[in-house]
Amino acid sequence: MNHPLSIAQVTDIHLFADEKQELLGINTTQSFQAVVERLLCLQNQIDLLLVTGDLSQDGTAASYERLQHLLSLLAKPTYWIAGNHDDFAVMQQILNQVYIFPQKEFTQGGWNFVLINSAVPGYVHGRLSETTLAWLDWHLASRRTQPTLIALHHPPFAVNSHWLDRSTLENSDEFFAILDRHPQVKLVLFGHIHQEFHCQRNGVHYLGSPATSVQFEPQSAHFALKPEHPGFRLVQLYPNGRWLTQVERVACNEYILDLAATGY
């Protein structure tokens, strides 16, 4: 059996300019540091990282500079996309140093990777622009022979949480129509929902992953936190299109979640 390409998906980090600042009771710098420490233990088993949005909570240069420093400790090729809390222009200026790549499409391990921007400035929901959709269709048409992984921030599916389902990808039908034309697409990874999720549609598997910060209560009608450790996803990709995945949780410093919070 050919050796698989191993990737780690890290998402919804929500860093602040102030490294002591908390999000709903959790210090997001400390929780991300705990995830980085675990990834360092797995360093020899990981080939690259995908960082799938909401990397900052306040969109500041200082938060992205800290992110870049912590990611650089892993010394692995890292590719990123923006989420609804991010400032894409600031990300472009900062997240382009050694090991951190701004490219949104690349090939490795026999797989084609495509990272698309679903963030809409000033809004929580996601939407793919006509330009993005046209580019995605064209790109997939030119890479028909390679199994493909697509990453974006917003889920293209409802996740059975009424409050979260108001901020999914608005034009999922247009996205699905393109994927239906390109059967080489095997996996779609996303963040935003701060929880583990898996569903399948027309042979494509859609995987949502835990946040490195706070976790949301699954299948909740209203905003609710779940007292569960931060996490990340590991995926092994084989050249023949086969894949395996698992989610890891990471204990971090004691924290007291604001379980009475109604939003963030």
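The values are calculated or read from the model by the stated rules, or taken from the named source; none is laboratory data. This is a predicted model, so every value here is computed, not measured. Positions of Cβ are generated from backbone atoms using ideal geometry, with glycine treated the same way; all protein chains shown enter the neighbour counts. These accessible areas exclude ligands, DNA and RNA; they are computed on the full protein's heavy atoms, side chains included. Shrake-Rupley method; radii C 1.70, N 1.55, O 1.52, S 1.80 Å.
The figures follow:
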quantity: Solvent-accessible area per residue, Å², over the chain with all protein chains present [probe radius 1.4 Å]; calculated: 43 Å²
quantity: Spatial separation of Cα centroids for the range 21-80 and the range 143-222, in angstrom; calculated: 21 Å
quantity: Cα gyration tensor category, rounded, prolate or oblate, for the range 71-110 with a/c compared to 1.5; calculated: oblate
quantity: Shape category assigned to the range 29-118 from the gyration tensor of Cα positions, a/c cut at 1.5; calculated: oblate
quantity: Those chymotrypsin sites (Phe, Trp or Tyr not before Pro) in the range 86-135 that DSSP places in a loop and that have at most 12 other beta carbons within 10 Å; calculated: Tyr123
quantity: Distant-in-sequence amide H partners of Val51 (H built 1.01 Å from N, under 5 Å); calculated: Val10, Tyr79, Trp80, Ile81
quantity: Net lengthening on full extension, His162/Glu105 (0.36 nm per residue, minus Cα-Cα); calculated: 17.2 nm
